[in-house]
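A.B. asks: Input: one structure, supplied below.
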Amino acid sequence: MKREIIIYHESLLQSIIKDIFTYSGIIAILFINYFLLNNNVFTGFIFLMMFLTKIAVNNSIKYKENIFYNKEDAIKKIESF
């Protein structure tokens, strides 16, 4: 069975912009909770857990194992499955 391999290239600037939008979206939800939902503790806790989960996933070893800087390493990893 032949596999189709898709390589996604992301520059440093694209990565920074993506992270800015991700974190600012989560922070905006926390501000909405504070100002519009009268600081509901349960909702704030859920959004805080989302924020902490995002940070934990970005810093996890498993996430970093799947980042490749050249095509050959990515293809070797995919073909090893």
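A.B. asks: Could you grab me the full set of residues in segment 6-31 that are part of a helix (DSSP H, G or I), under 30 Å from Asp73 (Cβ atoms) and of a type in the set (Phe, Trp, Tyr)?
C.D. replies: Passing the criteria: Phe21, Tyr23.
A.B. asks: Being exposed (fewer than 10 other Cβ atoms within 10 Å of the Cβ) and assigned to a helix (DSSP H, G or I) is the filter here; which residues of segment 32-61 pass it? Let's see the steps before the verdict.
C.D. replies: The first filter runs over segment 32-61 and keeps only residues exposed (fewer than 10 other Cβ atoms within 10 Å of the Cβ), leaving 35-36, 38, 41-42, 59, 61.
Scanning segment 32-61 gives Phe35, Leu36, Val41, Phe42, Asn59, Ile61.
A.B. asks: Out of the residues in segment 48-81 meeting the condition of being among the aromatic types (Phe, Trp, Tyr) and at pLDDT below 80, tell me which one is farthest from Leu12 (Cα to Cα). Talk me through it step by step, then tell me what you get.
C.D. replies: Step one: of segment 48-81, the residues among the aromatic types (Phe, Trp, Tyr) are 51, 63, 68-69, 81.
Remaining after also requiring at pLDDT below 80: 63, 68-69, 81.
Values: Tyr63: 17, Phe68: 14, Tyr69: 12, Phe81: 29 Å.
Only one residue tops the list, namely Phe81.
The values are calculated or read from the model by the stated rules, or taken from the named source; none is laboratory data. Keep in mind it's a predicted model, so treat the numbers as computed, not measured. Note that we place each Cβ from the backbone using ideal geometry, even for glycine, and neighbour counts take in every protein chain shown.
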